[in-house]
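The structure appears right after this line, and notes come after that.
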Amino acid sequence: MDFSLTTEQQMLSDSVARFARGGTEASWATMAALCWTAIAIPEASGGLGGSAVEVMIIMEGLGRGLVAQPFAESCVLCPTLLTELGEGHRPELQGMASGTLRAAFAGAEAETRFDPLNPRLRAGRRPDGWILDGVKSFVPDGAAADHFLVTARTGSEGPSVFRVPRDAPGLEREDFLCFDGHPASRLRFTGTALPADALLGAEGGAGPAIELALDRATAALCAEALGAMEALREATAEHLRTRQQFGQPLAGFQVLQHRLVDMFLACEEARSMTLLATLRLEAERRERIRAVSAAKARIAQLARSVAYQAIQLHGAMGMCEEFTVGRQAKRLIAIGMLYGDADHHRRRFACA
Amino acid sequence: MDFSLTTEQQMLSDSVARFARGGTEASWATMAALCWTAIAIPEASGGLGGSAVEVMIIMEGLGRGLVAQPFAESCVLCPTLLTELGEGHRPELQGMASGTLRAAFAGAEAETRFDPLNPRLRAGRRPDGWILDGVKSFVPDGAAADHFLVTARTGSEGPSVFRVPRDAPGLEREDFLCFDGHPASRLRFTGTALPADALLGAEGGAGPAIELALDRATAALCAEALGAMEALREATAEHLRTRQQFGQPLAGFQVLQHRLVDMFLACEEARSMTLLATLRLEAERRERIRAVSAAKARIAQLARSVAYQAIQLHGAMGMCEEFTVGRQAKRLIAIGMLYGDADHHRRRFACA
Amino acid sequence: MRLDFTPEELAFREEVREFAARAAPDAMRRKVRDGEELTKDEFVAWQRIMQARGWAAPSWPREHGGTGWTLSQRHIFEEEMAAADCPQQAHFGLSLIGPVLYTFGDEEQRRRHLPGILSGDVWWCQGYSERQAGSDLAALQTHAVRDGDDYVVNGHKIWVTYAHWADMIFALVRTSREEKRQRGISMLLIPMDAKGVTVRPIETIDRNHQINEILLDDVRVPVANRVGAEGAGWGYGKFLLARERGVGATQRRLRRAVERLRDRLRRAPGPDGRPLAEDALFADRLTQLEIEVIGLEVTVLRVLAELEAGHEPDARSSMLKIRSAELLQRITEMAVEAGGTEAMPFVPLDDATLPPGAAHAVRNYLYTRATTIFGGSAEIQRNVIARQILGL
Amino acid sequence: MRLDFTPEELAFREEVREFAARAAPDAMRRKVRDGEELTKDEFVAWQRIMQARGWAAPSWPREHGGTGWTLSQRHIFEEEMAAADCPQQAHFGLSLIGPVLYTFGDEEQRRRHLPGILSGDVWWCQGYSERQAGSDLAALQTHAVRDGDDYVVNGHKIWVTYAHWADMIFALVRTSREEKRQRGISMLLIPMDAKGVTVRPIETIDRNHQINEILLDDVRVPVANRVGAEGAGWGYGKFLLARERGVGATQRRLRRAVERLRDRLRRAPGPDGRPLAEDALFADRLTQLEIEVIGLEVTVLRVLAELEAGHEPDARSSMLKIRSAELLQRITEMAVEAGGTEAMPFVPLDDATLPPGAAHAVRNYLYTRATTIFGGSAEIQRNVIARQILGL
């Protein structure tokens, strides 16, 4: 085995670190200019054909710097969905690669919890295309998307995916910020009429593509969590070293030392799980599912415990929105829930 | 509410403490001489008609002193079963009250896990009585019992209870010591013929009596666990105060202090649960079941964690059979499993 | 031994229950049920309702306008009010400075301040912590220098709950620099509209404004506003901290929270389309929580019985704080888990609407992280218990 | 990056796998599978089998009779042997004193002791801990006084695993009293049949005899039996402790234990008469354990890669010890839980028979409590990590 970065990967890592230090100036345009938006898109579709390791490097850096950009959704999940559905020739992919066109994945529904393969949203045939009815309750970064990739059920057995422009008729969008500060939307489709080519791939055949796209995005989120966890661990260590109480630095208290050790153990385990998920994305389906779900299930737990400890060890400062620690903790808690919480992924692992 | 002991109860408590300090001389004969064997038996049946609180006091003391006597089984479970089955007039009860006759409850079977109400052991009718076939896999203190109270299924819906003398034909007994040092037996019934009056109470009607008898015994075991937990907490505190490492007593290490605090919290919670179970034994069925199962479920967890911590904080000494700490820890682990583990009792609580 | 109340106490419970059933306006009751925060006006209105009933101060002795209830009565009262989703009487005048004033204050201070506390007209806040003095309160730096009949106060206070609503603050300040840091601390009563007092909001991670920073810049405070003797403030502060940690009836609120969560699980979609309440893992975790809450309830009764018997609140009151904080954190966490991604929407943009209750669940979950930090962190509580049980 | 082995390593794996499949006698393999303890004869027989294959010392360099394998090869070897239920090569000669001797010993010591270790003919034990020197090893009191060409050793050693099987002991003893306690400690090689050596068995809570106390009463040890310089023993001791904590392949044994437990659950009766494997709570806990074991496997590979790249084993080796001990404890605990009261019978009386495997499950469960105590407790490991990551 080999866990070292190539020279190019090391440069990418440094570049992401510089970018993330930019804070609010860490914009989508810059990410596009750096060609990161193209990294997970195959060369044949106008992308750079990078590997999962490059995605991991970027996401870890974004997590470390608390950059709220939907890289996992827009640059990993959606492009994968398109190419896996056999739509790699679509011009949208080139727009996504160049960062000029953004897509959002509309999969989650209130009624189906974390199950992405059995949408209730209904797509009915009409003579010259399709008509959509139903609600997608949680679409990350929906407001910034030019079009949505919407899962739906038709008469067929399995799920289908439709491409829906943001200004489609009968599509209402409500936007909100999530508790981690990330934007998301609710989409309501009421007799939304779509042309025949809005269906991506085969009718009812989108299951495997959805699974793979979500697995790649999930592995990416694991890397983001890892970055955030490491950042919290370092910030907490620094706080313990500098903050004085009862005439000594907090780092002098053995109980707090051991808590920090537990954060360290959690970070190391999260790194192992992230590597596992990342390096098994190309494996056959069962092995991939087991790796990704094991990683997400465990990281959801580890991330939450690191988030809690970071707040606790920072004391009242950890409760303040003005400090990074609380916001980073919230992002970790949110990642734990995205695309399935620990319970969901343990179950998926066990059934795979 | 009132959690104070009456003068008599305080005297009983002191007496139990003195008895338990006797160690190996803490014999059944002494317990009988002190009339404790009679305490949970109604006056009408030749007992003292004491309350659940007296049972709790005795059991806590036995737990504290690590006295391996089957008080809960022989003096609480079995007498309750007899009286609740309407057999309070039986001369056996007087023998049990005086400590000259010992009974053991044969309920557990390998196939039915912790379910006491659906035995597989089969009791068939014959012209002048009954015939028993099957195995009871775990009978606490079976070797010392003069007779067994055996649960069985007949043609009826519910369970029945039969009284079987130790020398009944076709009854084989295998004896062993459990990992906590307590004796137990396996009983194999092969065409064991019994007279008609071996059936206690109504055929198929023993369910409520079995439930109540087990609830009383379970509450008693909670009290035993509490006593053992308190003893371990005190022994561990003493160890931390006296054992020197790195030039200071272990008690100087904050991490160990906080572990001891967690043991303290566990003991306090166990005391609350024990009181709840004990003081709700006379309540209506659902309330009683919820109280007893809540107590047993929680104490199984708390007892185990106190056991583990006590071993860990004693270091290598905790691993040695020659010291009390390891043996007391093993007893706590065993109590957690007897008459249903934490999983079983959480389920029973939730379904009540 | 018995777990149950006496017939007299049961009769009292009926009386409270009857009152509780109709005391709070429906809107207020709904907000309490959903875990929504009340406005200051609502808190004040509620205090007026309580005063009209003669129950303005359930924990105060009768001679100072309280109910003179026994601890058991107070417990029953708090349980029943919580069970009926009545608000808590939340202002710090009632729970903290009032008792200090009738215990340590002079006649003039009592006459002047107690009525406003009872009526809800005067809102108090507590000025203890500073940036460099959190758990280690004795490190506080805000100082008061005597100048004629005034003290001139300079410094700052932080983590001051509801300071932006307050008319008065009771603050610990340093009036001299002694070798032993605890000495030389005094308690002053300072009007919030005094010149030199500035309140700065602090936003917490639940995106709420409840706590504040207070800057004190040459604030002149009459010496008559000092409580008790100069340099004796540390003792009053400890008196308050012990009260803050004391036997609360939070366990009844915990039980309510478990009940509400159970309701929620019956409606929440779980795996396989069945309600979450039928999901074996979720249901079992809820059962676990319920059992632990029951244990805490019995422990509260035990501590109550000890206090009524005249024992000092000892390690067991720290224990109650540790356990109730931990349970509250787990219950609010589970409420958010139950929502899954549906629980994530927090701030509606433009004219969007959120699912009812979603944001409150998250807000309570996030804010509840503070229960193991504020008012003596869980680590400090464990230190306190360790000292007592180890005799360190 | 890749998680997988190179083609050469995969070929090596095939070679080991083929050997592992038929190397151990069936009875031995069954005992390993059931978690039963091997006898000394079996351990020795196994070592002879390994030596016959040329793999007597997988971790030793070739020039001293080892295989000269890379770390990856050793890892693959240990994994495959564990997967096939082969025994570990358990004697301390191979893992501990052998490496000390070929690193720090003199030519005569190597010539005299290494062959016996490789063949399994000489069994070694480790004399470090004393009653008052457990985690705090530097407090050891056993002392050796120079008398001509001998040391005269007095004192005692405790928690000595397999001392009753051993031919030799390597012991840390105090050869002078320095201000810094670590100095003045030397390492001596002492024959167990030397006059004045007494072994006393210690029964552990699993009712087993594996560890012992050793009394040393005027034991004469030739100075030639000292390893390295006088007073340098502490360094060799640390060298050994680091090895003891090093990257083991225990995670493969953990995986085997999880697999065995899963098999067991399929046969164990659960609630409602269905097998425990279908009990949602039990199945989920097992899944949780399996996932954590997988995580540990990857961590082991990461640490291995670091070691191969020449990094020093640092906080991460303490981490491996902490995590593998904790997982082993939870797995063995669950195996006993699965049995319920059926797991309780432990010692048959008269001619009773126990359910097969029952006592082993309990024995492993109980003995496993020691994995967070012996060889550096979990608390000490955390102190070590804290020092490193906090730079204390």
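Some observations on this one:
- Residue match in segment D:357-364 (condition: farther than 30 Å from A:GLU234 by Cβ, within 23 Å of the chain's Cα centre (by Cα) and facing chain B (nearest Cβ under 7 Å)): yes
- Only a single item in (1) farther than 30 Å from D:VAL362 by Cβ; (2) modelled with pLDDT under 95; (3) hydroxyl-bearing (Ser, Thr, Tyr) is not met by D:THR142, and it is number (2).
- Beta carbons closer than 7 Å, at least 6 apart along the sequence or on distinct chains, pair a first residue in segment A:154-182 that is basic (Lys, Arg) with a second that is not in a strand (DSSP E or B) for A:ARG163/A:ALA198; A:ARG166/A:ALA145; A:ARG166/A:ASP146; A:ARG173/A:GLY142.
- Count - residues of segment C:264-296 that are closer than 15 Å to C:ARG330 by Cα, touching a Phe, Trp or Tyr at 6+ places or on another chain (Cβ under 9 Å), within 14 Å of chain D (Cβ to nearest Cβ) and not β-branched (Val, Ile, Thr): 0
- Residue in segment B:178-197 that is within 14 Å of another protein chain (Cβ to nearest Cβ) and assigned to a helix (DSSP H, G or I) present: no
- Strands (runs of 3 or more DSSP E) fully within segment B:89-152 that include at least 1 residues being on the phi > 0 side of the Ramachandran plot: B:129-140.
- Which listed residue, of C:ALA249, C:ALA268, C:ALA257, C:ALA277, is assigned by TED's automatic domain parsing to the domain that holds C:GLU292 and at pLDDT below 75: C:ALA249
- Of everything listed in (1) surrounded by fewer than 22 Cβ atoms within 10 Å (Cβ to Cβ); (2) aliphatic (A, V, I, L, M); (3) within 30 Å of D:LEU10 (Cβ to Cβ); (4) at pLDDT 95 or above, the single unmet condition for A:LEU48 is (3).
- Screening B:GLU73 with (1) in contact with a Pro (Cβ under 6 Å, 6 or more places away or on another chain); (2) in a loop (DSSP other than H, G, I, E, B); (3) on the phi < 0 side of the Ramachandran plot gives one miss only, at (2).
- Annotation: of all residues in segment A:297-334 being of a type in the set (S, T, N, Q) and surrounded by fewer than 24 Cβ atoms within 10 Å (Cβ to Cβ), the one that is nearest to the other protein chains (Cβ to nearest Cβ) is A:GLN312.
- Top-ranked residue of segment D:132-159 - restricted to ones that are under 15 Å from D:LEU216 (Cβ atoms) and among the charged types (D, E, K, R), ranked as surrounded by the fewest Cβ atoms within 10 Å (Cβ to Cβ): D:ASP147
- In the condition set (1) surrounded by 24 or more Cβ atoms within 10 Å (Cβ to Cβ); (2) in contact (Cβ under 8 Å) with a residue 60 or more places away in the chain; (3) within 14 Å of chain D (Cβ to nearest Cβ), B:GLY63 is compliant with all but (3).
- The single condition from (1) over 20 Å from the mean Cα position of the chain (by Cα); (2) modelled with pLDDT under 90 that D:LYS321 fails is (1).
- Of the numbered criteria (1) surrounded by fewer than 22 Cβ atoms within 10 Å (Cβ to Cβ); (2) facing chain D (nearest Cβ under 10 Å), the one A:GLN248 fails is (2).
- Selection count where residues are touching a residue at least 24 places away in the same chain (Cβ under 8 Å), at the interface with chain D (Cβ under 7 Å from one of its Cβ atoms) and among the hydrophobic types (A, V, I, L, M, F, W, C), scope segment A:266-280: 3
- Candidate set from segment D:177-208 (those that are under 20 Å from the mean Cα position of the chain (by Cα) and without any contact (Cβ under 8 Å) to a residue 40 or more places away in the chain); member that is surrounded by the fewest Cβ atoms within 10 Å (Cβ to Cβ): D:PRO201
- Filtering A:ALA294, A:ALA350 for residues that are facing another protein chain (nearest Cβ under 7 Å), in contact (Cβ under 8 Å) with a residue 40 or more places away in the chain and in contact with a helix residue (DSSP H, G or I) (Cβ under 8 Å, 6 or more places away or on another chain) leaves a single hit, A:ALA294.
Here's the yes/no breakdown for (1) hydroxyl-bearing (Ser, Thr, Tyr); (2) away from chain D (no Cβ under 14 Å); (3) out of contact with any Ser or Thr (no Cβ under 7 Å at 6 or more places or on another chain):
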{"position": "B:GLY95", "(1), (2), (3)": "no, yes, yes"}
{"position": "B:GLY99", "(1), (2), (3)": "no, yes, no"}
{"position": "B:ARG102", "(1), (2), (3)": "no, yes, no"}
{"position": "B:GLU111", "(1), (2), (3)": "no, no, yes"}
{"position": "B:LEU117", "(1), (2), (3)": "no, no, yes"}
{"position": "B:ALA123", "(1), (2), (3)": "no, yes, no"}
{"position": "B:TRP130", "(1), (2), (3)": "no, yes, yes"}
{"position": "B:ASP133", "(1), (2), (3)": "no, yes, no"}
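- For the criterion of being polar (S, T, N, Q), buried (at least 18 other Cβ atoms within 10 Å of the Cβ) and over 21 Å from A:ALA184 (Cα atoms), A:THR83 passes.
- Qualifying residues in segment D:52-62 (those that are touching a residue at least 24 places away in the same chain (Cβ under 8 Å) and surrounded by fewer than 17 Cβ atoms within 10 Å (Cβ to Cβ)) - the one farthest from D:ALA24 (Cα to Cα): D:PRO61
- D:ALA370 more than 9 Å from every other protein chain (Cβ to nearest Cβ), out of contact with any Lys or Arg (no Cβ under 6 Å at 6 or more places or on another chain), crowded, with 23+ Cβ neighbours inside 10 Å and not acidic (Asp, Glu): no
- So B:GLU43, is it surrounded by fewer than 21 Cβ atoms within 10 Å (Cβ to Cβ), without any contact (Cβ under 8 Å) to a residue 12 or more places away in the chain and within 14 Å of another protein chain (Cβ to nearest Cβ): no
- From C:ILE385, C:ILE331, residue being facing another protein chain (nearest Cβ under 7 Å) and either surrounded by fewer than 21 Cβ atoms within 10 Å (Cβ to Cβ) or among the β-branched types (Val, Ile, Thr) (or both): C:ILE385
- Flag if D:SER135 is in contact (Cβ under 8 Å) with a residue 60 or more places away in the chain, closer than 22 Å to B:GLN244 by Cβ and not β-branched (Val, Ile, Thr): yes
- Screening C:SER135 with (1) more than 14 Å from chain A (Cβ to nearest Cβ); (2) farther than 23 Å from C:LYS195 by Cβ; (3) part of a loop (DSSP other than H, G, I, E, B) gives one miss only, at (1).
- Residue satisfying condition, being closer than 23 Å to C:ALA370 by Cβ and either more than 7 Å from every other protein chain (Cβ to nearest Cβ) or modelled with pLDDT under 95 (or both), within set A:MET263, A:MET337: A:MET263
- Every listed requirement among (1) farther than 25 Å from D:TYR365 by Cβ; (2) modelled with pLDDT of 95 or more is met by B:GLN245 save one, (2).
The values are calculated or read from the model by the stated rules, or taken from the named source; none is laboratory data. All of these numbers come straight from a predicted model, not from anything done at the bench. No Cβ is skipped: glycine too gets one built from the backbone with ideal geometry, and neighbour counts run over all protein chains shown.
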